[in-house]
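> Mind looking over this structure? Questions follow.
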Amino acid sequence: MPERRTVALVTLGCARNEVDSEELAGRLEADGWRLVEDATDADVAVVNTCGFVEAAKKDSVDALLEANDLKEHGRTQAVVAVGCMAERYGKELAEALPEADGVLGFDDYASISDRLQTILNGGIHAAHTPRDRRKLLPISPAERQESAASVALPGHGPVDLPEGIAPASGPRAPLRRRLDGSPVASVKLASGCDRRCSFCAIPSFRGSFISRRPSDVLNETRWLAEQGVKEIMLVSENNTSYGKDLGDIRLLESLLPELAEIDGIERVRVSYLQPAEMRPGLIDVLTSTPKIAPYFDLSFQHSAPGVLRAMRRFGDTDRFLELLDTIRSKAPQAGARSNFIVGFPGETEADLAELERFLNHARLDAIGVFGYSDEEGTEAATYDGKLDEDVVAERLAHVSRLAEELVSQRAEERVGETVHVLVESVGPDGEDGDDTEDGVYGRGAHQAPETDGQVLLTSGAGLSVGRMVEAKVVGTEGVDLVAEPLQGSLAWSEEAGR
């Protein structure tokens, strides 16, 4: 029997890209490829790129160049770019980066195995000419589902597949193959975005908003639970719009309790919420449903009215604070995080002071701050009133220092609280070997993976990855918490881990 072809997937960017990589992995494994973790052991290294902001694009190019170096030293014969940067730039990226042996767009995903084999055999698959993917679906959301089958939607692979198409434990198997053993997994709720924020290019290459059907979301979550996943995070460009193209803008409110009832799932988290689209019913479900994390990843971006209008967004400091007060009146321990852009064209010192006023009163658990830079193809790139780069850098540094101080203060407010911690790593003294750092680490309900800090448990006796532990916060380390497992919580965690 000939040796199976090997492929490694290198994923950059957001959780949505991670879902897309696992769909590509499912397709490749189903077609006979052997997946390997280390690109040095792969015939083909596939780099799932990010095309969101300049820094992410640079990281993507660096990853492609690093993978290309492997062709001189190891088994790797080809390096292929996929993902948002590949979709956004197509031929332009291929011409600018000849080190990449292929640049594949979303339309190539269904035939990923054939594309990689062609490249391995020395053939050439011409990179696509980018197009505005918003034009691929009808303008009316109500008409989009009928056209969805003809449009490539990464992460929307069918769930009820014939036997043998995906690594399956049953008929619910999705077109997906897990790339790690984490007890947390993201699930694609929708793709695309209908908002027209003046600084954002994502809708042009991710397309118009389209929801996945609830049955596919539920079945994929059941399958993930069978693989040992304890927490799922629902991801899309805008989760608050879920269901509008299915005839029910409140569909998320009915879907969440169903997800929480799936055997094996201990926590459901919703990310990417638009403040302007938050509604009382959704807040109620997020703050009162067992196993649904009272977690609010709110896309504020700024709080000065003039800047928000220039961004083509809504709200202001007082309305945003009122929204947070409403949430905390229902769930005092609710987590809240957001990202902000400073140095937007026309931003004044008064606008910056207004943003600082909001941050000082918002009590956010995590804050991301970015300096404005032009994104080609966006409306904001054509604006007058651009600030000098050194002014943007100065404001970025100033607000970043403030943010670091404020999230540390918010962490200190949580001392004395009881948190439910999902264990994600156990150090040398634990059950999971010595390939993790010392100590037992996990996350509380107010902490999303990668972005919001973590919890160090003071005692890890008997704990393993995937256990849910009740603990009391006894200290902080910046944004991170230190917590002591409560008496009797180990028995509960053992029950949760079964």
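The values are calculated or read from the model by the stated rules, or taken from the named source; none is laboratory data. Bear in mind the structure is a predicted one, so any value in this text is a computation, not a measurement. Ideal geometry is used to build each Cβ from the backbone, glycine not excepted, and the neighbour counts take in all protein chains shown. These accessible areas exclude ligands, DNA and RNA; they are computed on the full protein's heavy atoms, side chains included. Shrake-Rupley method; radii C 1.70, N 1.55, O 1.52, S 1.80 Å.
> Restricting to the stretch 53-111, give me the number of residues that are on the phi > 0 side of the Ramachandran plot and not in a helix (DSSP H, G or I).
1
> When you go through Val474, Val479 one by one, which is the residue that is modelled with pLDDT of 90 or more, under 19 Å from Phe296 (Cα atoms) and surrounded by fewer than 23 Cβ atoms within 10 Å (Cβ to Cβ)?
Values: Val474 fails: under 19 Å from Phe296 (Cα atoms).
Val479 is the lone residue from the list that is modelled with pLDDT of 90 or more, under 19 Å from Phe296 (Cα atoms) and surrounded by fewer than 23 Cβ atoms within 10 Å (Cβ to Cβ).
> What is the one condition in (1) surrounded by 16 or more Cβ atoms within 10 Å (Cβ to Cβ); (2) at pLDDT 90 or above that Ala148 does not satisfy?
(2)
> Okay, next question. How do the helices (runs of 4 or more DSSP H) wholly within the stretch 216-313 filter down when requiring 1 or more residues that are touching a Phe, Trp or Tyr at 6+ places or on another chain (Cβ under 6 Å) and over 30 Å from Asn360 (Cβ atoms): which remain?
Per the criteria, 251-260.
> Do we have Leu359 as under 19 Å from Arg395 (Cβ atoms) and in contact with a Ser or Thr (Cβ under 7 Å, 6 or more places away or on another chain) here?
No, not satisfied.
> If you go through the stretch 45-60 one residue at a time, do you hit one that is modelled with pLDDT of 90 or more, within 22 Å of the chain's Cα centre (by Cα), open to solvent by 10 Å² or more (accessible area, probe 1.4 Å) and not acidic (Asp, Glu)?
No, that holds for no residue.
> Another one. Just give me the residues in the stretch 175-218 being within 19 Å of Glu266 (Cβ to Cβ) and open to solvent by 10 Å² or more (accessible area, probe 1.4 Å), in sequence order.
Arg178, Asp180, Gly181, Ser182, Val184, Ser186, Leu218
> Can you tell me which of Glu404, Glu424, Glu394 is in a strand (DSSP E or B) and open to solvent by 30 Å² or more (accessible area, probe 1.4 Å)?
Testing whether each residue is in a strand (DSSP E or B) and open to solvent by 30 Å² or more (accessible area, probe 1.4 Å) leaves just Glu424.
> Then there is this: Among the residues of the stretch 273-281, is any touching a strand residue (DSSP E or B) at 6+ places or on another chain (Cβ under 6 Å), under 25 Å from Gln409 (Cα atoms) and of a type outside the set (Lys, Arg)?
yes
> Still on this structure, I have one more. Please find, within the stretch 78-99, the residue that is farthest from Arg206 (Cα to Cα) out of those that are of a type in the set (Gly, Ala, Ser) and either in contact (Cβ under 8 Å) with a residue 40 or more places away in the chain or open to solvent by less than 10 Å² (accessible area, probe 1.4 Å) (or both).
Looking at the filtered set, the residue picked out is Ala78.
> Restricting to the stretch 440-471, and then to whatever is hydroxyl-bearing (Ser, Thr, Tyr) and part of a loop (DSSP other than H, G, I, E, B), can you tell me which residue is least open to solvent (accessible area, probe 1.4 Å)?
Here the answer is Ser464.
> When Ser373 is evaluated against the numbered criteria (1) out of contact with any strand residue (DSSP E or B) (no Cβ under 7 Å at 6 or more places or on another chain); (2) surrounded by 21 or more Cβ atoms within 10 Å (Cβ to Cβ), which criterion, by number, is the only one it fails?
(2)
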